[in-house]
Amino acid sequence: MRFLKPIAVLVFLLSITSLAMGQPAQPSLDGWGPYKFGMTLDDVKAVPGITWNYIRPIDLQKFHKTLNASLSSTHANAEEGGLTFRFAGLFFNSDNKLIAVTLMQNIQDQCESTYQNVLRDEENKYGSFGPHEHPPLPSVITSSVDNVPGGTSRYEYTEVQGPGAGYPIFSADTWRSFDSGRTMRVRMVGSDQIKAGCQLSLAFQSQDNVVDRPD
């Protein structure tokens, strides 16, 4: 039997003590910027600076039955991770209360390194992210779980064959859970075969799987 050195014993005891006492309070998620979960359509429209486009409930419910309305904007003035995103959607439930905010931006090149930079910035705000469990994806070429450089978050990097004989599609995906079932997703999807490069998105949700769900 090996005997632990005094310093190793001390580290071990401190780690057990920290578990017994509980971890520090985790960051919370209440929406994005001035747009808080529970705000009404009128509340959101009253925030100055954005001209919104309204999406009809009938179009949304084809996508997700719990959605009643959505606002989107082509204006790019949502700052996250050193990038300027556009508001892809502010989603409302049947009570017309805000339940999710989705931000998107197109990246021309250096997709994965840009994704890593944004993820590292979000980690500094919210804590570590990690891959979300999901059923096996079809037509997978390669898949791995990678660590973000300079951080503790992990993300799933996947390449799949496009529909038919289409070109390969790559993605990076990671999640963080908060209290009351709230979640945040940081995702990147693209292909080396298209000029657009890739699309980077951030989804802030009042409960898991409301709008942005694992594939």
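Each label was represented as a point 7 Å from its Cα along the Cα-to-Cβ direction; for Q207 and N53 these points are 2.9 nm apart.
Exposure proxy shown here: for L137, L98, the number of other Cβ atoms within 10 Å sets the order, fewest to most, as L137, L98.
A short reminder: the numbers here are calculations on the coordinates, not readings from a lab. This structure is a prediction, so every number in the text was calculated from the model and none was measured. When we count neighbours, we look across all protein chains shown, and the Cβ atoms used for this are built from the backbone with ideal geometry, even at glycine.
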